[in-house]
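The values are calculated or read from the model by the stated rules, or taken from the named source; none is laboratory data. For clarity, every value in this text was computed on a predicted model and none was experimentally measured. Note that we place each Cβ from the backbone using ideal geometry, even for glycine, and neighbour counts take in every protein chain shown.
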């Protein structure tokens, strides 16, 4: 049936930030009538400008949205990239009797780091050691984070007893529920595992490894780049994939996209958090290159039909395809110029670019995670080609403050890229 099952239907998308632009564009490509809603102006919510229609209504104003959805005969609702609008999507869909890929219980398990580790243990997934209070900490460093925040919000690292309380207080301040998890700081390589679920079938899409900023120390958790598949892909498939699949089945997930984060250290794997939503890596174009579905389609089709059986699966994927994702974080100051993203987007191997910062933005450098002004990624079966692409892109990109000083926090050593996938 293909797109005929969704063509002409009305899809409401909760939130309109820069990350939602591609979701709106993809829905329109599939013939869907798109509506974006939040209370921000179009400068803050540029996805409104690419939608067929937009409402200046908060995605949290469920009463108003319920009424408008009924009046406008909205056929489906979706969102992405943050748990808060996902929760509102669940509630609004329940009110309107519309399908939602996620239940409240599933969301609670995946966004609460403590509950997530409980379901990990239940299914044999190894987890990071944790402490119930700062008084119990018996080794350093430790990392603390709100149990209910993502994207490194509220994260801090304590390297001695004197740093325990200030780091704890910061994490507590950023927690919605005023709950903090305290874990052993793992010095290995951060890895992520990505799955799609369609009609109850679990499919491993890929894995990734992170490259952290050279000057992070113990004060920052800035990830300057990701590369896919992970250096430990074969280890993950052998040692963790069966247990991770049990975890997904245990949660009763039938449709959607889930990513699970952990560390690999000297051949050992441990996991610490997950996200059951679209992820900020925007890896859907890479997945298509591999021969998988565009995972945006899973959310669009399910929202409008309650099914993912009509999602298109490409037949010409290359399983040898690799991906190099570069994140651009900036030092403190006021952004005076952002230049080069358009030229990077025009490069042959570039599959995605996003600008999330803007001229005049005041950026702080006193946080564990700095301000991110954009990202891009390249796909190729050749590691050498990805190395050249990354080096060329750094030459094209300029982010400067109002005095002309370079603001880019970290540039990875591109000379290592050709060896990232060496066995």
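For this structure, a couple of remarks:
- Take the conditions (1) out of contact with any helix residue (DSSP H, G or I) (no Cβ under 6 Å at 6 or more places or on another chain); (2) surrounded by fewer than 20 Cβ atoms within 10 Å (Cβ to Cβ); residue 377 misses just one of them, which is (2).
- Scanning the range 131-147 for residues that are surrounded by 19 or more Cβ atoms within 10 Å (Cβ to Cβ) and in contact with a helix residue (DSSP H, G or I) (Cβ under 6 Å, 6 or more places away or on another chain), we see that the one that is modelled with the lowest pLDDT is 147.
- Restricting 115, 122, 95 to residues that are surrounded by fewer than 19 Cβ atoms within 10 Å (Cβ to Cβ), closer than 25 Å to residue 241 by Cα and touching a helix residue (DSSP H, G or I) at 6+ places or on another chain (Cβ under 6 Å) narrows the list to 115.
- Subset of the range 343-372 (residues that are closer than 25 Å to residue 389 by Cα and out of contact with any helix residue (DSSP H, G or I) (no Cβ under 9 Å at 6 or more places or on another chain)): 345, 346, 357, 358, 370, 371, 372
- Scanning the range 43-80 for residues that are in contact with a helix residue (DSSP H, G or I) (Cβ under 7 Å, 6 or more places away or on another chain) and without any contact (Cβ under 8 Å) to a residue 12 or more places away in the chain turns up nothing.
- When we screen 167, 222, 180 for residues that are buried (at least 19 other Cβ atoms within 10 Å of the Cβ), touching a helix residue (DSSP H, G or I) at 6+ places or on another chain (Cβ under 7 Å) and either touching a residue at least 12 places away in the same chain (Cβ under 8 Å) or not assigned by TED's automatic domain parsing to the domain that holds residue 386 (or both), the only hit is 180.
- Evaluation of residue 87 against (1) assigned to a helix (DSSP H, G or I); (2) in contact with a helix residue (DSSP H, G or I) (Cβ under 7 Å, 6 or more places away or on another chain); (3) within 26 Å of residue 357 (Cβ to Cβ) (one fails), failing number: (3)
- Scan of the range 31-41 for residues that are loosely packed, with under 14 Cβ neighbours inside 10 Å and touching a helix residue (DSSP H, G or I) at 6+ places or on another chain (Cβ under 6 Å), ordered by number: 31
- Odd one out for residue 398, checked against (1) under 26 Å from residue 146 (Cα atoms); (2) modelled with pLDDT of 95 or more; (3) out of contact with any helix residue (DSSP H, G or I) (no Cβ under 7 Å at 6 or more places or on another chain): (1)
- For the range 397-423, a residue qualifies if it is buried (at least 16 other Cβ atoms within 10 Å of the Cβ) and within 26 Å of residue 359 (Cα to Cα), and the qualifying residues are 397, 399, 400, 401, 407, 408, 409, 410, 411, 412.
- If only residues of the range 226-253 that are in a loop (DSSP other than H, G, I, E, B) and touching a residue at least 60 places away in the same chain (Cβ under 8 Å) are counted, the one that is nearest to residue 126 (Cα to Cα) is 240.
- Criterion: in contact with a helix residue (DSSP H, G or I) (Cβ under 7 Å, 6 or more places away or on another chain), in the same structural domain as residue 331 (by TED's automatic domain parsing) and surrounded by 20 or more Cβ atoms within 10 Å (Cβ to Cβ) - qualifying residue of 158, 230: 230
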